[in-house]
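Reviewing the structure listed below.
FYI, it's all coordinate maths here, none of it is from the lab. Since this is a predicted model, take the numbers as computed values, not measurements. Cβ: placed from backbone, ideal geometry, glycine included. Neighbour counts: every protein chain shown.
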Amino acid sequence: MKAQKILLPILAVLGALVFFSVFIVKEVNQAIVLQFGDPKKIIIEPGLNFKLPFIQNVVFLDSRILNLDTPPAEVIASDQKKINR
C-alpha cells in the first residue's frame, strides 16, 4: 500500500515530463526550437522530435508560404512615364 502511494506520483511526474518534451512536426510545417529565446535547432523534416521541457519552446512555421523578393523592374505606364517597381 505504501509503495503504491509513492509510485503513483512518480509515474505522474514522469508522464508529465514526457508529455511536455515530445512534439510532432507535420509535413506542412517547419519548427524552430528556441531556448530562452535563442534559436537552437531548425527542424525541416516531419516526424517525432524531443525538446527540454520548460526550457525550450517550439515555434511552428508553415512551409507552404513562400516569400519571393522580385528584383525591381522598370515599367512603362499608360501615360508613357517610366515607373521603377
Cα centre as origin, Lys/Arg/Asp/Glu Cβ charges: region 2-65 dipole, Debye: 320
Distance between modelled label sites at Ile76 and Val18, nm, 7 Å Cα→Cβ extension: 7.1
To the nearest Å, what is the center-to-center distance of region 61-85 and region 1-38, using C-alpha atoms only? 46
Ranked highest first by the average count of other Cβ atoms within 10 Å around their residues, in what order do 52-58, 69-75 fall? 52-58, 69-75
Mean ellipticity per residue at 222 nm, deg cm²/dmol - from DSSP H runs of n ≥ 4 across the chain, formula -39500 (n - 2.57): -8000 deg cm²/dmol
Burial order of peptide ranges 4-16, 33-45 (average beta-carbon count within 10 Å, highest first): 33-45, 4-16
Within region 2-65, pairs of Lys residues whose Cα atoms are less than 20 angstrom apart, provided they are eight or more positions apart or on distinct chains, add up to 5
Put a dot 7 Å past each Cα toward the Cβ at Gln4 and Asn49; how far apart are the dots in nm? 4.2
Dividing the mean separation of Cα pairs under 8 Å (6+ apart) by the residue count of the chain yields a relative contact order in percent of 24
Rounding to the nearest 10 and keeping the result within 0 to 90°, find how far the Cα-based axis of helix 2-21 lies from the longest principal axis of the chain. 10
